[in-house]
C-alpha cells in the first residue's frame, strides 16, 4: 500500500487512472503536433471522438470532451472549412446541430489511428498481450459500472 498523505492514498485507482489519462493525452497531443497534420491536437481529439461515436449533436460532443460549447464551435468551424466535418440541423430539433466526419477526413483519421496505436504501444511496454487485454477488460467493466450508476442517479431524480 502506498504512503498516505493527509489521509489520501496517492496511488488509489482514481488518481492512477487520471494520471494515465492525462499522460496518454499529452503524449498523443505531442505526437500530433510533431506530425504536421495541419490540425491542432485539440482538433485531433474532436475528430477522434467523432470517429468513435459517429453522428452526434454538437453540444453533446462538447460535453463529452469537457470543452466549453463556444470553444467547440470554433473547432468545428475550422474543421468544417477544411471539409473534415459536416454540421446539419438535427431533424428531431432544428435548433440543434449534428456533427459527423466527411469522407475527406478518412486519410487523416488513419494517421491519427496510427499515432494512437503508437502511444498505446508505449503505454503497454513490458506487459504481455494477456495482461494488456485483462487491463482493458477491467477498465471497460469499471466504465460500465459508472455509466450504470449515472443512469440510476438520473432515473432517481426524474
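Based on the Cβ-Cβ distance of residue 89 and residue 109, what FRET efficiency does E = 1/(1 + (r/R0)^6) give at R0 = 35 Å, to the nearest 0.05?
Values: r = 25 Å, r/R0 = 0.70.
The formula returns an efficiency of 0.90 here.
Ordering 83, 9 by the number of other Cβ atoms within 10 Å of each residue's own Cβ, fewest first, gives 83, 9. What do you get for the angle between helix 129-157 and the principal long axis of the chain? Use alpha-carbon atoms, 0 to 90 degrees, nearest ten. Roughly 70 degrees, rounded to the nearest 10. Considering only alpha-carbon pairs that sit under 8 angstrom and 6 or more positions apart, the relative contact order computed for the chain is 19 percent. Note on the chain: antiparallel DSSP beta bridges, both residues inside, total approximately 100 percent of the bridges counted. Inter-label distance, residue 134 to residue 82: 4.1 nm, where each label sits 7 Å from its Cα along the C-beta direction.
Put simply, the convex hull of the Cα atoms in the stretch 43-85 casts, on average, a shadow of 2.6 nm². Helix 106-123 and the long axis of the chain differ in direction by around 10°, with both axes built from C-alpha atoms. What angle do you read, to the nearest 10 degrees and between 0 and 90, between the alpha-carbon axis of helix 41-53 and the longest principal axis of the chain? So the inclination is approximately 90 degrees.
The alpha carbons of the chain stretch over 52, 46, 32 Å along the principal axes, in descending order.
Using a Förster distance of 25 angstrom, determine the FRET efficiency expected from the C-beta separation of residue 16 and residue 153, and round it to 0.05.
The formula returns an efficiency of 0.55 here.
Between the stretch 23-57 and the stretch 124-158, the C-alpha centres lie 22 angstrom from each other.
Readers should treat all values here as calculations from the given coordinates under stated rules, not as data from a laboratory. Since the model is a prediction, treat every value here as computed from it, not as a measurement. Methodologically, a virtual Cβ is constructed for each residue, glycine included, from the backbone with ideal geometry; neighbour enumeration extends over all protein chains shown.
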